[in-house]
Amino acid sequence: MSKAKYIGVFGRRNSGKSSLINTISGQKVAIVSDTPGTTTDPVKKRMEIFGVGPVVLVDTAGIDDEGELGSQRVAKTVEVISQIDVALLLFTNNEFGKFERELAHQFAEESIPIIIVHNQSDIIPLKSEISAELNFAYKCDVLEFSCSLLDENEQQELVSVLTSLIIKAISSSPYNHKALFENLVQKDDVVVLVCPIDSEAPEGRLILPQMNAIRELLDKEATAVVLQPQNLDSYIKSNSNIKLVVTDSQAFDAVCDVLPNHIPLTGFSVLLARSKGNFDHYLNGTPAIDCLKDGDRVLILESCSHHSSCDDIGRVKIPALLNRRTGKNILWDIVAGLDPLPSNITDYKLVIQCGGCMITNRQLASRLKSALKMGVPVTNYGMTLAWCMGIYDRATALFKQSEE
């Protein structure tokens, strides 16, 4: 069950961004007008692309907008860059100038695949020398496009070409996720998933990493056994063919108390960290917990907004465990959702990211970028809990072996 890929559509005012989204989606999603600056805040349209799955098309304001309000619109457009997996960069009239080149440079810096689209090509065709120059400069596909072809079949064929380029760009993205159980589980293996039901569990549902784990095990034709911590001991005693136990991080202690050392153990959050591409950073950053001193600041990053409770992992349990582990007076800050990180990131001695199950790999990488760039150690909820509970080496050993 993968997160939707975000496809950002960028360009100057009246370059046809909204029309392009309407044409691709087959619906009138974005407002189309001859008046420059019609699109203000980014507009999102969710759809399915065969071969990719769910995607979100993001219509942005013109990058050449002017005035005080225009500057705010442009700032919103730039914010979108941190959230997208693929960029469609539109230009018209063979004018690929300062605005477009600055954007293309930003996409390249963020390793975001680009598709350059010369829109309104039915009016003014793309010059071959410009196409060749852009293809060479940005190592990307360049497409002639129009949203107003009279021939419906010809229009659909053009949409199909663009869709195929989007699929190609997504498949080449460096932010594609690794399967949760890659190199860990094979057909017919038995994997026990320990899923405690407490105040943090969604009403009537499992949390997303648990659901993803079950689905992936079914796809691998492995056997998924789902139970609560209090039922683990009796299951172990009556079954000797367990390949792996995966537990919610909060139950590490309870599981370790009954699980024999020869049975591999890890957590859903640790699995997710490896899957989403930040595992090495977390491995390097987690030991910084024991280097914390009185008055040090720690930043908690929640990537989804939710009502906190007395059992809240990031706001209650992790601070309590770190204070107990270190014996220090630590200062805590929390940033929720996809709100920007504090500009004074170097004031923090550690950044602790949630599992990131509600955001894409690209969004997570962007979220941690400033801390990593400035040398601030990063870790995540599950690996922090494992460290504080003294079972970190056991919870990560299986992954280290699988990479060798």
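Of VAL192, VAL226, VAL142, all but one fail to be modelled with pLDDT of 90 or more and in contact with a Ser or Thr (Cβ under 6 Å, 6 or more places away or on another chain); the exception is VAL142.
Does the stretch 279-302 include one or more residues that are closer than 27 Å to ILE197 by Cβ and in contact with a Cys (Cβ under 6 Å, 6 or more places away or on another chain)? Yes, there is a match, as at least one residue in the stretch 279-302 is closer than 27 Å to ILE197 by Cβ and in contact with a Cys (Cβ under 6 Å, 6 or more places away or on another chain).
Hey, can you tell me all the residues within the stretch 65-79 that are within 18 Å of LYS17 (Cα to Cα) and either surrounded by 12 or more Cβ atoms within 10 Å (Cβ to Cβ) or not assigned by TED's automatic domain parsing to the domain that holds SER18 (or both)? Answer for the stretch 65-79, where residues must be within 18 Å of LYS17 (Cα to Cα) and either surrounded by 12 or more Cβ atoms within 10 Å (Cβ to Cβ) or not assigned by TED's automatic domain parsing to the domain that holds SER18 (or both): ASP65, GLU66, GLY70, ARG73, VAL74, LYS76, THR77, VAL78, GLU79. Here GLU68 meets each of (1) part of a helix (DSSP H, G or I); (2) within 30 Å of LYS276 (Cα to Cα) with one exception, condition (2). Restricting the stretch 146-172 to residues that are more than 23 Å from PRO113 (Cα to Cα) and part of a loop (DSSP other than H, G, I, E, B), the residue that is modelled with the lowest pLDDT is LEU150. Candidates PRO319, PRO340: the one that is part of a helix (DSSP H, G or I) and surrounded by fewer than 21 Cβ atoms within 10 Å (Cβ to Cβ) is PRO319. Checking THR77, THR60, THR92 one by one, the residue that is in contact (Cβ under 8 Å) with a residue 40 or more places away in the chain and farther than 22 Å from LEU143 by Cα is THR77 and no other.
Hey, among ASN261, ASN176, which residue is more than 18 Å from LEU385 (Cβ to Cβ), within 26 Å of the chain's Cα centre (by Cα) and either outside any helix (DSSP H, G or I) or in the same structural domain as GLN353 (by TED's automatic domain parsing) (or both)? The conditions single out ASN176.
For the stretch 343-356, a tally of residues being under 22 Å from LYS3 (Cα atoms), assigned to a loop (DSSP other than H, G, I, E, B) and more than 8 Å from the chain's Cα centre (by Cα) returns 2.
Taking first residues from the stretch 205-221 that are within 14 Å of MET358 (Cβ to Cβ) and partners that are modelled with pLDDT of 95 or more, the Cβ contacts under 7 Å between residues at least 6 apart in sequence or on separate chains come to GLN210/LEU193. When ASP233, ASP280 are screened for being part of a helix (DSSP H, G or I) and without any contact (Cβ under 8 Å) to a residue 24 or more places away in the chain, only ASP280 passes.
Condition check ((1) among the aliphatic types (A, V, I, L, M); (2) at pLDDT below 65; (3) surrounded by fewer than 18 Cβ atoms within 10 Å (Cβ to Cβ); (4) over 26 Å from LEU180 (Cβ atoms)) across all residues:
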| site | (1), (2), (3), (4) |
| --- | --- |
| LYS3 | no, no, no, no |
| TYR6 | no, no, no, no |
| SER15 | no, no, no, yes |
| ILE21 | yes, no, no, yes |
| GLU48 | no, no, yes, no |
| VAL52 | yes, no, no, no |
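Could you grab me the full set of residues in the stretch 103-125 that are outside any loop (DSSP other than H, G, I, E, B) and in contact (Cβ under 8 Å) with a residue 24 or more places away in the chain? The answer is LEU103, ALA104, GLN106, PHE107, ALA108, ILE114, ILE115, ILE116, VAL117, HIS118.
Yes or no, residue by residue, for (1) closer than 28 Å to ASN183 by Cβ; (2) at pLDDT below 90:
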{"residue": "CYS291", "(1), (2)": "no, no"}
{"residue": "ARG297", "(1), (2)": "no, no"}
{"residue": "GLY327", "(1), (2)": "no, no"}
{"residue": "ASN344", "(1), (2)": "no, no"}
{"residue": "ASP347", "(1), (2)": "no, no"}
{"residue": "CYS357", "(1), (2)": "yes, yes"}
{"residue": "ARG367", "(1), (2)": "yes, yes"}
{"residue": "PRO377", "(1), (2)": "yes, no"}
{"residue": "PHE399", "(1), (2)": "yes, yes"}
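The values are calculated or read from the model by the stated rules, or taken from the named source; none is laboratory data. Predicted, not measured: the structure shown is a model, and the values here were computed from it. Glycine gets a Cβ as well: all are built from the backbone with ideal geometry, and neighbour counts include every protein chain shown.
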